[in-house]
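Trainee: First the structure, which I've put down as structure tokens, then a few questions once you've had a look.
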Amino acid sequence: MNTIPTIFNERKIPHRVVGGATRADDLDVPRFTVLLLNRGGRYYRSAVFQSLETAGFSSIISVELSSEPYDIENLSIRFPAVKFLVPLEKVSVGDMINLGVAESSSPWVFVVWNDVKIPPSGIHARLVSRLEQERPLCVAPNLSGTRLDQLPVQMVPAYNRGLFQIEPMPCLKDGSPTAYPFDFIGIYDREKFMRLGGYDYTIANPYWQNLDFGIRARLWGERVSIASGFRLVYDGDVPSEDITADASYVRFFLKNLAPVFRRDEAFLPTSKFFSFVGKSGMNLFDAIRFFSGVRAWVRLNRFRFVADAATVTSGWEPDAP
């Protein structure tokens with residue numbers, strides 16, 4: 001049973017690195033590193049890298065899904081500045097991002113998939129200025145499908161008859177908060193990302209892994225917001241999210257929804273065990289062991305909390321910057 005990570009990059013993923021040559025005259029660390037996640041499919045990969053270079057990105061890390069990508073050697077010759085990371089075991093989306101962030105040295109990491117179109121203008125100067133002035137944990141884009149229909153990328157948490165849920169809606173106001181960056185896409189502050197601990201590799205379901213990151217950030221005083229003028233378009237089908245309340249949900253629940261905040265610290269009450277054990281699907285021994293492990297994790301991080309989920313959700317203003 002995997003233990004919840006307590007520090008960033010606690011899990012060392014075996015991987016190999018291909019390419020990523022640095023020119024002798026590259027003395028300055030780029031402001032942005034593009035972390036390109038590969039969803040599978042060819043997607044004219046050379047055209048993807050060409051569009052990133054045209055947009056002005058000089059630091060690109062491509063995280064591969066397969067341990068034997070068919071075209072990686074040819075691509076590394078054609079695009080020598082691109083660093084390819086090839087995990088040698090099965091990884092989650094959060095693992096891919098953690099791995100890429102650890103390899104980056106830029107203050108900002110732009111996480112995007114290979115089936116998303118990057119505008120030739122790159123990242124607008126106004127957004128760059130906003131990032132440097134406000135220093136948000138993550139700024140997510142407005143996303144559109146192939147028909148240029150605006151997607152409901154603003155995720156608003158709410159309690160409905162005592163049950164926690166997420167209500168997707170279109171972003172109508174610049175700077176609106178969101179519970180998580182849809183499809184993991186966004187510009188992340190590398191230092192804050194690492195300080196937060198990154199994505200939890202023990203949560204396998206991408207939806208709950210992403211939501212765990214976003215809600216944990218909010219509970220610890222950080223913020224994920226949407227820049228309405230930061231627009232990207234999918235070049236293929238819009239990915240669906242599996243919101244099944246599975247074992248990943250149980251981990252999310254205990255880490256984020258169950259802790260109670262009093263005075264200046266959080267704790268996981270013993271009484272929460274009874275609501276947990278029925279959802280867990282574990283035998284009693286494993287449930288006690290897992291609950292104790294999460295309780296120890298909450299205690300270790302108790303002073304990082306600034307609120308609990310009930311307070312954060314009740315005070316959520318979807319259109320407020």
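Trainee: Are there any GluC sites (Glu not before Pro) in region 64-150 that are in a DSSP loop and have at most 16 other Cβ atoms within 10 Å? List them by number.
Mentor: Listed in order of number, the matching sites are GLU89.
Trainee: Per the 1.4 Å probe, what fraction of the accessible area of the chain, in percent, lies on carbon and sulfur atoms?
Mentor: 52 percent
Trainee: Computed on alpha carbon atoms, what radius of gyration and Dmax characterise the chain, expressed in Å?
Mentor: Both quantities, over Cα of the chain: 19.9, 61 Å.
Trainee: Projecting each Cα onto the charge dipole of region 130-187 (Lys/Arg +1, Asp/Glu -1 at the beta carbon, about the Cα centre), which of GLY145, PHE184, PRO170 comes out farthest on the positive side?
Mentor: With unit charges placed on the Cβ atoms, the residue in question is PRO170.
Trainee: What is the packing order of peptides 262-270, 30-38, taking the mean over residues of other C-beta atoms within 10 Å and listing the highest first?
Mentor: 30-38, 262-270
Trainee: Rounded to the nearest whole Å³, what is the per residue volume of the convex hull around the Cα atoms of region 56-128?
Mentor: 113 Å³
Trainee: How would you rank 167-173, 281-287, 45-51, 110-116, highest first, on the average number of other Cβ atoms within 10 Å across their residues?
Mentor: Ranked by mean Cβ neighbours within 10 Å, highest first: 110-116, 45-51, 167-173, 281-287.
Trainee: Where nothing but the Cβ of Lys and Arg (+1) and of Asp and Glu (-1) is charged, how large is the charge dipole of region 172-265 around its Cα centre, in debye to the nearest 20?
Mentor: Here region 172-265 has a charge dipole of around 480 debye.
Trainee: What does DSSP give for the chain in terms of the percent of beta bridges that are antiparallel, rounded to the nearest 5?
Mentor: Here the antiparallel bridges make up roughly 55 percent for the chain.
Trainee: Let me know the charge dipole size of the chain about its Cα centre in debye, to the nearest 20, where only the beta-carbon of Lys, Arg (+1) and Asp, Glu (-1) is charged.
Mentor: Magnitude of the dipole: close to 860 debye.
Trainee: Another one. Can you tell which of PHE213, VAL238, PHE267 lies farthest toward the positive end of the dipole of region 200-274, using +1 and -1 charges on the Cβ of basic and acidic side chains (Lys, Arg; Asp, Glu)?
Mentor: Value: PHE267.
Trainee: How much accessible area per residue does the chain have, in Å², with a 1.4 Å probe?
Mentor: 47 Å²
Trainee: Can you tell me, using C-alpha contacts under 8 Å and at least 6 residues apart, the relative contact order of the chain as a whole percent?
Mentor: Rounded, it is 20 percent for the chain.
Trainee: Pairs of Cα atoms under 8 Å, at least six residues apart: use those to get the relative contact order of region 103-246, whole percent.
Mentor: Result for region 103-246 is 38 percent.
The values are calculated or read from the model by the stated rules, or taken from the named source; none is laboratory data. Predicted model, so just to flag it, every value in this text is computed and none were measured. In this analysis, Cβ positions are derived from the backbone assuming ideal geometry, glycine residues included, and neighbour counts consider all displayed protein chains. Quick note on the areas: whole protein, heavy atoms, side chains included, nothing else; ligands and nucleic acids left out. Shrake-Rupley method; radii C 1.70, N 1.55, O 1.52, S 1.80 Å.
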